[in-house]
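The next block holds one structure in the form of structure tokens; read it before the comments.
The values are calculated or read from the model by the stated rules, or taken from the named source; none is laboratory data. Since we're looking at a predicted model, the values are computed, not measured. Glycine gets a Cβ as well: all are built from the backbone with ideal geometry, and neighbour counts include every protein chain shown.
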Amino acid sequence: MSTKCIALLGRRDEPTDAIEEYCHYLSGALRSHDFELEIRRVSWETHGWSDALHALELQAEHWRGTWVFVQYTALAWSLRGFSWRVLRVLKILKSAGARVGIVFHDVEPYTGSRVVDSVRRTVQILTMRRILTLTNVAVFTVPLERVSWLVAIPSNATFIPVGPNLPIPPATDSPQHPPTIGVFSITGGQQGARETEMIIAAVRHASLSLGKVHLSVFGRHAELREGHLRAGLKGLSVDLSVDGVIEPKLVVQKLSACDVLLFVRGGISSRRGSAIAGIACGLPIIAFPGSETAPPITDAGVVLVPANEPDQLNGALVRVLSDAEYRASLAARSRAAYRSHFAWPPIAARFSYILNSGRSF
């Protein structure tokens, strides 16, 4: 008979909710360990905080001794990232006698130079530090030594990377014709405009160096950048395909049809699902390093180039596309890292240890 445990989510993200998808895949993987992970929500954005917390109190009366893993991003618990109300959620769970865990999908406070950004950052840090005192286990999705606000490593903290929210088939080595560059999602706002310029410059250089190439851009905000991409690549021997948010099976198909994934959405990290999707599909990844960049993400076939060195980005892309042996070695590293660290079975095994022992490791 399976043991019940609960993933508790806050506000739903739109148009897709990566945290909910994460919980669904984790739930499926935990079944082989005889755990049944149920997904529940604190729907404060719909019912208001007072009613939502009252509803949680009623549910939590039945959760004594049950593991409840609260899924934390700042925006899941506040429209503007002032996430302190999640502490009330944790206190209700503890008062009901639940065994409380937290999964930090956001591990760092938000950046920004305005006064409100500074206040928000302070609130987030204080909230996350307080969370550690209210939970039995805290799961971080990046290595603990990379978390800036941890003064010391807490005894109840552990690191478990996220897995791909995709139905991953066995990877194959089949170079594409023409060489195909994948971009999975672009950031919104001004940051997305900067990313688009970097993508255009790198693909332009690859086309001028190698001849005809195919650029496949898909995922969040991709369709908003189509006009910019087409204008920037006009006159070049580049086949461009652009899709917005698509079904997971189609994401896998598109990734599997690429020779390389270009990841320019900030520093690569073990919590960045779009990068891990590429690793899971056995792709070489060209990416920027950041404060969260560390093993096991660097064990995969990741080529790190400085964000402020476009020539290195351009050169790395040309080398991966033109050197079949190099590309194959990077792909093999990605497949090995996926099997060892980012596939759902090893992730579920680590959660199973926590659920069985109540301790981090």
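Just one of the listed residues (Glu57, Glu45) is under 23 Å from Tyr110 (Cβ atoms) and assigned to a helix (DSSP H, G or I), and it is Glu45. Could you please let me know if Gly211 is under 18 Å from Val260 (Cβ atoms), without any contact (Cβ under 8 Å) to a residue 40 or more places away in the chain and not hydrophobic (A, V, I, L, M, F, W, C)? Answer is yes for this residue. Restricted to the stretch 211-232, and to residues there that are in a loop (DSSP other than H, G, I, E, B) and among the charged types (D, E, K, R), the residue that is farthest from the chain's Cα centre (by Cα) is Lys212.
Being within 17 Å of Leu132 (Cα to Cα), surrounded by 16 or more Cβ atoms within 10 Å (Cβ to Cβ), in contact with a helix residue (DSSP H, G or I) (Cβ under 7 Å, 6 or more places away or on another chain) and not charged (D, E, K, R) is a property that holds for Ala98. Of note, Arg41 satisfies the criterion of being out of contact with any helix residue (DSSP H, G or I) (no Cβ under 7 Å at 6 or more places or on another chain), of a type in the set (D, E, K, R) and under 24 Å from Leu132 (Cβ atoms).
Checking each residue in the stretch 83-95 for being crowded, with 16+ Cβ neighbours inside 10 Å and either within 23 Å of the chain's Cα centre (by Cα) or part of a strand (DSSP E or B) (or both) picks out Ser83, Val86. The set of residues in the stretch 303-325 being surrounded by 20 or more Cβ atoms within 10 Å (Cβ to Cβ) and either touching a residue at least 40 places away in the same chain (Cβ under 8 Å) or farther than 22 Å from Pro178 by Cα (or both) consists of Val305, Leu313, Asn314, Leu317, Val320, Leu321. Candidates in the stretch 304-337 are the residues that are of a type in the set (Ser, Thr, Tyr) and within 25 Å of the chain's Cα centre (by Cα); of these, the one that is nearest to Leu261 (Cα to Cα) is Ser334. Applying a threshold of 7 Å to beta carbon distances and a minimum spacing of six or more residues, or different chains, the list of pairs starting in the stretch 19-33 at a residue that is among the β-branched types (Val, Ile, Thr) and ending at one that is in a helix (DSSP H, G or I) and surrounded by 18 or more Cβ atoms within 10 Å (Cβ to Cβ) reads Ile19/Ala76.
Any residue at all in the stretch 338-347 that's within 15 Å of the chain's Cα centre (by Cα) and of a type in the set (Val, Ile, Thr)? Within the stretch 338-347, one or more residues are within 15 Å of the chain's Cα centre (by Cα) and of a type in the set (Val, Ile, Thr). Scanning the stretch 4-40 for residues that are more than 24 Å from Arg85 (Cα to Cα) and touching an Asp or Glu at 6+ places or on another chain (Cβ under 6 Å) yields one hit, Lys4.
For Ser360, are the conditions met, namely being buried (at least 21 other Cβ atoms within 10 Å of the Cβ), at pLDDT below 95 and closer than 26 Å to Gly28 by Cβ? Against the criterion (buried (at least 21 other Cβ atoms within 10 Å of the Cβ), at pLDDT below 95 and closer than 26 Å to Gly28 by Cβ), Ser360 qualifies. Counting only strands (runs of 3 or more DSSP E) that fall entirely inside the stretch 233-324 and contain at least 3 residues that are in the same structural domain as Phe140 (by TED's automatic domain parsing), no element qualifies.
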